[in-house]
Structure formats: C-alpha cells, structure tokens
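Presented below is the structure to which this report refers.
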Amino acid sequence: MSRAPHAPADPYLLGTDPEEARRLETQHRLWADATRDLWDRAGFGPGARLLDLGCGPGFAALELAGRVGAAGSVLAVDESDRFIASLAREARRRGLAQLAARVERVEELRLEPGALDGAFVRWLFCFLPDPAQVIDRVASGLRPGGRLVVWDYLNYRATTLQPRSPAFDRVLRAVAESWRRSGGDLDVGGRLPGLIAEAGCRLLDLAPLVRFVRPGTAFWDWPTQFFFSHVPRLVEAGLLSEAERRAFEDEWRAREREPGAFLQAPPMIGIIAEKE
C-alpha cells in the first residue's frame, strides 16, 4: 500500500492532504461525545469567547461556534494554510460570523491578555518540542476563572493488538520513534498537568480516554486509517522495512477476520483546568 510523502514545507508530521483531512474528520466524529462531555464540564456555552488551538481542518471549531452562538466567538488557530482556508470557507458557507480562522505558528501565538473564557487544545502538544511555552501563551489569554480543556496521548506504548501481533508491535515502536525524531512526545499527557499548573491554572479534573476497539465497528476505522496511511511513511523514513510493512498489513487483516480480536487503542488523558 503506497502513499506519496507529504511536502517538505508541510507543518505536520502526518501531512495536510485530503486523505489526512478525512482521517481527522473520522477521528473527530468518533470522539465527539467524549469531546462534548469535556466541553460541558468546562462550561463552554452560549456567549463564551473560546480558542481552538491547533484546530486542523476545524471540525471542533465549527461545533464550538454553534455552541457559543452569535453572542459568543471562536478563534481557530493553525499553522496550515490549507486547513485554515478550508475552515474559513466552511464558516462562510454556514454563516458563522462568530468564527475567525487564523494562520499562526502555535509557538508564536498572540492573544489579548485575559480576553478568553476558555480554550480547547486537542492532539497538539504531542507534536511540540516545548509544550510549556505554548501553554503559557494560552494561559495568558484566559481571564481569571477561564477554563482550559486539553486532550492528548498518554502511555502510547500500552497500545496493543490482540491476539498479540509482533508485526504490530514493531510498527508501534516505529511510530513512537518517528514522533521522537520530529521533536514530539506520544507520552506528553503525563507531563501536561504539571505544566498547566506551572502556567497558573488550577487542575479541576483528569479524565481517562480509553477505548477497546473491535473489528467491524465504526471505531475500527480510526486506527486503520492512521496505520495504513502512516506505515508507508515509516518505510520511507527507514524505520521499517518493506517486509515489515507487509507483515503488519497481513496480520492486521487477519485480526479483522478473528471474532475475538480487538485493539487497545492509544490511551489518552483529558484535562480541565481553571485560570487562577
């Protein structure tokens, strides 16, 4: 299974092409209920002024714009011109004047101090070499009492395919190495509560985000899309051999035919904090 590598100027390890946008849409849809639960618990509601940082194609930002309504506002920030252009078009099509989309590197984020009621940051910090500086920038934009909702990976190596697959385990190690080489950290969730507290925010809740995923279910598409798109890149990067790629794909398809098979999906952590 082949796929062209993403362009050198692409801001993301996983690319910003239409295939990746479709994967992100699937990901958002499948985790929508858990996302909305965190928003509810953080008090994100009508009239709120919110930030969606690292918004990607903007599926969460569009929902947040509907949630805050015309009396509120959502600022969606991403460093991908392609993603922001797509989001801006969709916001205009839906008539969401309360949604502003801006191209900006998260490390250079500019916010008016104390102007935000809340911020949402999902699957961003795992890509960053220095999450602390970005957390500080987000926290500076929150008013006292403003809420921060963060969602990211924790203990990624706990991901397992059952019955156990040596080929899948090799792929998992290669994925973690690809993140490490790019400056990211797939276990960043373990550090985030401390970094958020150091930025002047009080932790309100830590939520486990864990799924056991079975073949033939909608959730099975989520890891399938990721691994079958990313594994060819691991081969290109020299982290896997072509034979290891084929072995992984053969074992994955074999598990899809086994009635007792399942995937323990990558564990994640949801964090709700409040600016002091």
Entirely in segment 15-69, the helices (runs of 4 or more DSSP H) that have 1 or more residues that are modelled with pLDDT under 95 and polar (S, T, N, Q)
18-30
Spot the failing condition for residue 268; the list is (1) surrounded by fewer than 18 Cβ atoms within 10 Å (Cβ to Cβ); (2) within 30 Å of residue 146 (Cα to Cα), and only one is missed.
(1)
Residues satisfying the stated conditions in segment 125-145, i.e. within 19 Å of residue 205 (Cβ to Cβ) and in contact with a Gly (Cβ under 6 Å, 6 or more places away or on another chain)
139
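Matching residues to (1) outside any strand (DSSP E or B); (2) surrounded by 14 or more Cβ atoms within 10 Å (Cβ to Cβ):
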position	(1), (2)
144	no, no
150	no, yes
164	yes, no
176	yes, yes
180	yes, no
189	yes, yes
193	yes, yes
Residues satisfying the stated conditions in segment 254-276, i.e. assigned to a loop (DSSP other than H, G, I, E, B) and in contact with a helix residue (DSSP H, G or I) (Cβ under 8 Å, 6 or more places away or on another chain):
261, 265, 266, 267
Identify all residues within segment 236-256 that are over 22 Å from residue 181 (Cβ atoms), out of contact with any Gly (no Cβ under 8 Å at 6 or more places or on another chain) and touching a residue at least 12 places away in the same chain (Cβ under 8 Å); write none if there are none.
247, 249, 250, 251, 252, 255
Go through (1) in a loop (DSSP other than H, G, I, E, B); (2) out of contact with any Ser or Thr (no Cβ under 6 Å at 6 or more places or on another chain); (3) more than 19 Å from residue 44 (Cβ to Cβ) and name the single condition residue 113 misses.
(2)
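The values are calculated or read from the model by the stated rules, or taken from the named source; none is laboratory data. Just so it is clear, the structure is predicted and the values come from calculations on it, not from any experiment. Note that we place each Cβ from the backbone using ideal geometry, even for glycine, and neighbour counts take in every protein chain shown.
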